[in-house]
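The values are calculated or read from the model by the stated rules, or taken from the named source; none is laboratory data. Since the structure is predicted, the reported quantities are computational estimates derived from the model, not experimental observations. Virtual Cβ from ideal backbone geometry, glycine too; neighbours counted across all protein chains shown. Quick note on the areas: whole protein, heavy atoms, side chains included, nothing else; ligands and nucleic acids left out. Shrake-Rupley method; radii C 1.70, N 1.55, O 1.52, S 1.80 Å.
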Amino acid sequence: MTATMKAAVVREPGKISVEAVDRPEPGPDQVLVKVHAAGVCHTDLTALRGLVPLPLPLVLGHEGAGVVEAIGSGVTGLEAGDHVVLSITYGCGRCRQCQKGAYGLCEVGAPVALGGVLPDGASRLAKDGERLHHFLFQSSFAEYAVVPAACAVKIRKDAPLDVVCLLGCGAITGYGAVIRRAKVAPGDSVLIIGAGGVGLAAVMAARLAGANPIIVSDVNDDALALAREVGATHTVNVSTGKTAVGEAQRLTGSGVDFAFDAVGTSATIDEAFQSLCNGGEAVAIGLADFAATASVPVFNLIYEKRLTGTNNGSIRPHVDIPAAVDLFMEGRLPLDRLVTRRYDLDQVDTALADMDGGSGRGVIVF
Ligand SMILES: NC(=O)c1ccc[n+]([C@@H]2O[C@H](COP(=O)([O-])OP(=O)(O)OC[C@H]3O[C@@H](n4cnc5c(N)ncnc54)[C@H](O)[C@@H]3O)[C@@H](O)[C@H]2O)c1
Ligand SMILES: [Zn+2]
Ligand SMILES: [Zn+2]
């Protein structure tokens with residue numbers, strides 16, 4: 001008889017339920033991880049709502065951490081008992097992009113990340129002979145996850161897995177957007193639009209980098225209070241009639257050096273770009289809907305304003321995730337402040353619903 005595990009399965013948009021599915025086995029270059037915790041990222045909600053083109057049924061979850069249970073053939077550098085953060089960035093290590101250090105753009109991983117399979121093109125998830133799909137090489141809303149070995153990032157064993165799991169996606173995305181993508185330097189002025197799990201991590205990274213001012217916008221006062229606690233120098237609630245662009249202009253005179261959109265609508269990307277000084281850079285992190293578009297005045301491009309984006313903070317997972325874990329353990333990256341709610345896997349639908357209007361991050365603890 002096949003061993004089973006509990007997993008949160010999406011069979012149609014908007015519906016998620018915990019089912020007993022086959023406990024997977026790792027294939028070559030893969031590892032089986034016993035999941036200890038998984039954060040709930042807005043991208044889980046976007047996927048659940050059908051706003052991302054994904055094959056169904058799939059097992060959701062992509063911000064996990066746990067302990068290696070077994071390794072597949074060919075895996076080196078990992079063994080049972082290792083503590084790992086599960087990264088959504090898969091780098092084959094051999095393609096042109098990986099060789100340039102752009103693992104998030106890996107020519108093997110990026111094209112299939114939303115295809116419901118692992119990078120070898122196959123799914124290891126099933127239920128009584130029915131194939132289930134993977135989500136972002138991870139599917140960590142489940143008791144066990146089979147992931148490519150390249151996505152299992154070994155970390156120190158004294159770090160709490162129910163906090164550092166956030167480095168699987170959201171927290172390292174916000175951090176990497178600031179540190180890796182934008183390379184914010186001391187004295188740079190910064191605007192961060194949206195103080196959710198991603199935006200708040202960007203605030204922490206901006207403070208670490210020495211940015212000033214650090215202006216944060218949101219529509220939720222609780223989120224803005226949290227932003228001030230972790231490093232925002234100024235906050236603006238844009239539901240009160242004030243605008244992020246207006247505050248950026250008022251506080252800097254000429255606009256900010258860097259603006260990060262951690263919401264992902266056409267309107268917020270517009271705001272990010274409009275808030276820039278000449279030569280400034282707007283970084284699109286959020287993606288609220290795959291149909292969202294952005295357009296910019298060419299006149300602004302002439303004055304060297306830039307609009308770019310980032311996949312997972314443009315990180316090098318095996319360098320940046322352990323470094324962020326160390327910064328957290330030293331008290332310099334207060335990721336624990338992000339965790340405002342904890343759930344059992346059975347409460348996964350509530351955990352997802354609570355994202356709307358909530359502040360901080362919800363974490364499913366196994
Ligand atoms: N690029 C990537 O690799 C990557 C990785 C992770 C998440 N994301 C995306 O980043 C976005 C943020 O994710 P999250 O998990 O932090 O979401 P979240 O739900 O935790 O936070 C979103 C925040 O934006 C605020 N908000 C909503 N409308 C706003 C507006 N008009 N102006 C300012 N703030 C507003 C909300 O109140 C909330 O606090 C999502 O679109 C998600 O899909 C992208
Ligand atoms: Zn590659
Ligand atoms: Zn995510």
Between ARG342 and ARG131, what is the FRET efficiency for a Förster distance of 45 Å, r being their Cβ-Cβ separation, to the nearest 0.05?
0.90
Under 1.5 on a/c is rounded, so check that first for segment 1-108, then, if it is not, pick prolate when a/b is larger than b/c and oblate when it is not; a ≥ b ≥ c are the square roots of the alpha carbon gyration tensor eigenvalues.
oblate
If I stretch the segment between ALA267 and GLN249 completely, what's the gain in nm (0.36 nm per residue apart, minus their alpha carbon distance), one decimal?
4.7 nm
Over its Cα atoms, what ratio of radius of gyration to 2.2 N^0.38 Å does segment 174-310 give?
0.92
Nearest-20 debye value, segment 174-310 charge dipole, Cβ charges on Lys, Arg, Asp, Glu:
320
Taking alpha-carbon centroids only, segment 13-85 lies from segment 101-115 a number of Å equal to 17
Could you give the alpha-carbon Rg of the chain over 2.2 N^0.38 Å, rounded to two decimals?
0.95
Mind listing the phi-derived Karplus ³J(HN,Hα) values for segment 164-169, rounded to whole Hz, using 6.51, -1.76 and 1.60 with θ = phi - 60°, and x for any glycine or proline?
6, 4, 4, 7, x, 9
Taking a 1.4 Å probe, which of THR240, THR310 shows the most accessible area, and what order do the others take after it?
THR240, THR310
Within the chain, the percent of DSSP beta bridges that are antiparallel, given to the nearest 5, stands at 60
Name the residue farthest towards the positive end of the dipole of segment 174-310 from the options ILE269, ALA294, ALA182, assuming +1 on Cβ of Lys and Arg, -1 on Cβ of Asp and Glu, about the Cα centre.
ALA182
In nanometres, the difference between 0.36 nm per residue of separation and the alpha-carbon distance of LEU56 and GLU25 is 9.1 nm
Please compute the modelled spin-label separation between ASP354 and VAL298, points set 7 Å along Cα→Cβ, answer in nm with one decimal.
5.0
Helix 317-329: angle to the longest alpha-carbon principal axis of the chain, degrees 0 to 90, nearest 10?
70
The chain: angle of helix 197-209 to the longest principal axis, Cα-based, in degrees nearest 10:
60
Taking the Cα centre of segment 1-129 as the origin, how large is its charge dipole in debye, to the nearest 20, when only Lys and Arg (+1) and Asp and Glu (-1) carry charge on their Cβ atoms?
300
Sparse-neighbourhood loop hits (trypsin sites (Lys or Arg not before Pro), segment 227-305; DSSP loop; Cβ within 10 Å at most 16 others) -> LYS242
Suppose every Lys and Arg Cβ carries +1 and every Asp and Glu Cβ carries -1, with no other charges. What dipole size does the chain come out with about its Cα centre, to the nearest 20 debye?
680
